[in-house]
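A short write-up of the structure that comes next.
The values are calculated or read from the model by the stated rules, or taken from the named source; none is laboratory data. As the structure is a prediction and not an experimental result, all values here were calculated from the model. Cβ coordinates were reconstructed from backbone atoms using ideal geometry, including for glycine residues, and neighbour counts include every protein chain displayed. Heavy atoms of the whole protein, side chains included, go into the accessibility calculation; ligands, DNA and RNA do not. Shrake-Rupley method; radii C 1.70, N 1.55, O 1.52, S 1.80 Å.
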Amino acid sequence: MLFAKPPSAPAPLRDALRTAIRMDEARCVEERLAEASLPPGARDRIAETARRLVDVLRRRHRGTGGLDAFMAEYELSSDEGIVLMCLAEALLRIPDADTADKLIKDKIGGANWKRHLGSSESLFVNASTFALMLTGRVVNLDSEQAAQDLTGTMGRLLARSGEPVIRQAVTQGMRILGRQFVMGRTIAEALDRAREAERRGYCYSYDMLGEAARTMDDADRYFEAYVRAIEAIGKTAAGRGPVAAPGISVKLSALHPRFEFASKGRVMAELVPRLNELAALARAADIGFCVDAEEADRLDLSLDVIEAVSADPALAGWSGL
């Protein structure tokens, strides 16, 4: 009778990671704080540098208009900023009007836009805030005035007749806002738009938004998209090397529909060769190759896959992974 070979003992670092997965939060924070302790002199230098950088940025953006001022007002630390980011990421991918209207009502109708009114020096920001307040008021008319007779009927009529206009306006606004975070609809468009920033010293790692394979056909499409992207980025990189040139970021969950611990056997047998092939293409193109983070419960499996690929002799001596 043949028995499976028992798994080898994990390396100390991997063992520590596995032990910490269900670690008590208070104990975890206490240990991390102890590890992150710095001498008083170093802390003072860090604080002074941080203050100087913040002061420079504030002076640079003081009095600016347009999207810079808008993003300064609706930053991601605010609830309303999060609402706008959710809309910018999701609204443009909704194919039908009814679902788009429901999303707009859910997000904009429940946010507190009034508290931002007048808090910016930018006329553009204040006008946008007033428009968001009005939009939130209109999309909520149906629920707020349902108990009233004529007023409720007129309110519901206004809400329904206004939805197409609101939808078009919000969708166009999200297109403009989305361009702050999405470089392009295709890799060619993204590379073209990045040229000016690259001339100023910026460097990008390109990835696809929302990629997650549900079937093997999905995984095949994403694999081919990564192949095309690597080829396009390689041409733009023009031999600058994986550090100085733009690179690509890939998601393991886009390359296999069952990227989960319960399917580890399939993942190692089917996903690792795919990732190896993409890494080899990136090495040939002389660009950086980043494996994106996944959810915490996939960390151990991600490390197994990365370890297997990094041990490939064909990638020896390459600093791009």
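Worth a mention:
- Per-bin percent of Cα-Cα distances, region 235-321 [10 Å]: 18, 49, 27, 6, 0
- In Hz, Karplus ³J(HN,Hα) per residue of region 46-57 (6.51, -1.76, 1.60; θ = phi - 60°; x = Gly, Pro): 5, 4, 5, 5, 4, 4, 5, 5, 5, 4, 4, 5
- Listed peptides 191-204, 47-60, 254-267, 279-292 appear in the order 279-292, 254-267, 191-204, 47-60 once ranked by packing, highest mean of other Cβ atoms within 10 Å at the front.
- FRET efficiency, 1/(1 + (r/R0)^6) with R0 22 Å, evaluated for D292 and A269 via beta carbons: 0.55
- Rounded to whole Hz, the Karplus (6.51, -1.76, 1.60) HN-Hα couplings of region 94-99, x for glycine and proline: 8, x, 10, 5, 4, 5
- Mean accessible surface per residue for region 259-321, computed with a 1.4 Å probe while every protein chain stays in place, in Å²: 50
- Scanning residues 5 or more positions from S249 or on other chains, those with amide H under 5 Å from its amide H are Y206, D207, C290, with H placed 1.01 Å from N in the peptide plane.
- Rounded to whole Hz, the Karplus (6.51, -1.76, 1.60) HN-Hα couplings of region 29-44, x for glycine and proline: 4, 4, 5, 5, 4, 5, 5, 8, 5, 10, x, x, x, 5, 4, 5
- A straight Cα-to-Cα reach below 23 Å connects K264 with the lysines K5, K251, residues fewer than 8 places away in its own chain not being considered.
- Cross-link reach list, lysines versus K114, counting only Cα pairs under 21 Å and skipping chain neighbours closer than eight places: K105
- For region 245-290, size of Cβ-based charge dipole, Lys and Arg +1, Asp and Glu -1, in debye: 160
- Estimated inter-spin distance, M183 and A225, nm [label 7 Å along Cα→Cβ]: 1.5
- Relative contact order, whole percent, for region 226-321 stands at 37, derived from Cα pairs under 8 Å and 6 or more residues apart.
- For region 184-321, size of Cβ-based charge dipole, Lys and Arg +1, Asp and Glu -1, in debye: 460
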